[in-house]
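Here, each number is a calculation from the coordinates, and none is a lab measurement. Just so you know, these numbers come straight off a predicted model, no measurement behind them. All Cβ positions, glycine included, derive from the backbone under ideal geometry; neighbour counts span all protein chains shown.
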């Protein structure tokens, strides 16, 4: 590998890693320590962490949220039949998993207002990349307009993949919290709904701009917010993707999560990943199979718009169980509870001297604040008070703090958070 890359040493392979992240002196553990001694030391270091739910109340979001997970999710999704199930190529022995994935796809279509959904992708960021790949293949254009309202980690993943694919990713700035789209030819407009600052984007305007320029509209949607907001499909979106973590998955150190992906029927042949379909067997009984297995992703890989041919089955089953358990009314109630708690929290925080809104656009369950002292300092100080106060915003958005409120936060917890914030900023 070193020779192929024309490098001078193995060490040069790792030169791009920031020195602050590297262990220059090893793990600082004496040689010859026993397994029990090393395990005791690692346990001691791990206990220095303060995870959410164990001494810290979470008011942070930015793409991963501390939602309630009903007990039924683990009771069903963690059954051995699902946990041990592998790639369902042999339909005759995989009917249970295939049916679950078919139902998952059905709920994703209903949630997004799209015609067809795949059986999930790895996470929301990779799903967004696959949506861009689809748009480029469908339009023959390489320029992609990406709203700055997409989460920073999503835009970073888009930029990383664009190096290899040759796509031109053009950032479109926010104006007071929402995106104003330029009328230029592009393969796609990519917008978050709501966006990273929690603001509700104008999808009608985005769709009109996309249609006028012959671009596809890709919407990265928050599945909880879709319990209250009109679906992207109703506004004319061509592809809808998103992070499925709020349904069935705890924060869990960042994963495993899942990305959902849905599109219009006309893009079916470019749909990435695995697709489960319904058919009948030789006796006319309903049966489920992986379908469209002969599309270009498998047979012409060097020309394919996607090389993803798998999915996050277990995460998709958890998503399915959670969403089916809520039902239509339960999802709306969940989203409304988040919205009401967010409104209350925001109003209480804005009543504190020195705290103001970063932007004025309408929000649903997340919002950005300007603080009278460094947001990073506030987060550290609030941790000492027992709260994960929020996410410190990237400088591209301005000096601020992003706060999220889910249905798990009670009135008493919110009041305690506000009281602690009043002390800290003072």
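If you rank 29, 169 by fewest surrounding Cβ atoms within 10 Å, what's the result?
Ranked by crowding around the Cβ, least crowded first: 29, 169.
Per DSSP H run of n ≥ 4, the term is -39500 (n - 2.57); total these for the chain, divide by its residue number, and report the mean residue ellipticity at 222 nm rounded to 500 deg cm²/dmol.
Only helices count here, giving -11000 deg cm²/dmol.
So for the range 203-248, considering every pair of alpha-carbon atoms, how many percent are separated by more than 14 Å?
For the range 203-248, the fraction of Cα-Cα distances above 14 Å is 49 percent.
Using the 10 angstrom Cβ neighbour count as an exposure proxy, how do 172, 136 rank, fewest first?
Least crowded to most crowded, the residues run 172, 136.
Mind listing the Cα extents of the chain along all three principal axes, in Å, largest one first?
On the principal axes, the chain reaches 70, 62, 51 Å in Cα extent.
Within 10 Å, count the other beta carbons around each residue, average over each peptide in 398-408, 36-46, and list them highest first.
Ranking the peptides 398-408, 36-46 by packing returns 398-408, 36-46.
Determine, for 274, 33, the number of other Cβ atoms within 10 Å of each Cβ, and report the residues in order from fewest to most. Display every interim value, and only then the final one.
Working: 274 25, 33 12.
Exposure proxy ranking, most exposed first: 33, 274.
Of the DSSP beta bridges with both residues in the chain, give the percent that are antiparallel, rounding to the nearest 5.
So the antiparallel bridges amount to about 55 percent of the total.
Just need log10 I(q)/I(0) for the range 71-321 at q = 0.11, 0.12, 0.16 Å⁻¹, Debye formula, equal scatterers on the alpha-carbon atoms, no solvent, rounded to two decimals.
For the range 71-321 at q = 0.11, 0.12, 0.16 Å⁻¹, log10 I(q)/I(0) is -0.56, -0.67, -1.15.
Describe numerically, in nm with one decimal, the distance between label points set 7 Å from Cα along Cα→Cβ at residue 376 and at residue 281.
Taking the two extended label points, one gets 6.1 nm.
Find how many whole Å separate the alpha carbon centroid of the range 172-186 from the alpha carbon centroid of the range 337-410.
Between the Cα centres of the range 337-410 and the range 172-186 lies a distance of 25 Å.
Restricting to Cα pairs below 8 Å that are 6+ residues apart, what does the relative contact order work out to for the chain? Please round to a whole percent.
Details: 765 pairs, mean separation 89.9, N = 426.
Result for the chain is 21 percent.
Return the distance in nm (one decimal) between the two label points of a simple spin-label model at residue 310 and residue 15, each offset 7 Å from Cα along Cα→Cβ.
3.3
Rg/Rh for the range 38-177 to two decimals, with Rh computed the Kirkwood way over all alpha-carbon pairs. Display every interim value, and only then the final one.
On the way: Rg = 20.4 Å, Rh = 19.4 Å.
Result: Rg/Rh = 1.05.
Within the range 19-34, find all residues whose amide N lies under 17 Å from a label point positioned 7 Å from the Cα of residue 44 along Cα-to-beta-carbon.
The answer is 27-34.
Roughly what would the spin-label model give for residue 31 and residue 92, points 7 Å off Cα along C-beta, in nm?
Each label point lies 7 Å from its Cα, and together they span 5.9 nm.
Do you know the relative contact order of the range 71-321, to the nearest whole percent, from alpha carbon pairs under 8 angstrom that are 6+ apart? The partial results should precede the final answer.
Details: 506 pairs, mean separation 70.3, N = 251.
Computed value for the range 71-321: 28 percent relative contact order.
Full extension from residue 426 to residue 159: what is 0.36 nm times the residue separation minus their Cα-Cα distance, to one decimal in nm? Write out the running numbers ahead of the final one.
On the way: separation 267, 0.36 × 267 = 96.12 nm, distance 3.99 nm.
So the chain would gain 92.1 nm between residue 426 and residue 159.
Compare the peptides 240-246, 366-372, 156-162 by average per-residue count of other Cβ atoms within 10 angstrom and give them in order, highest first.
240-246, 366-372, 156-162
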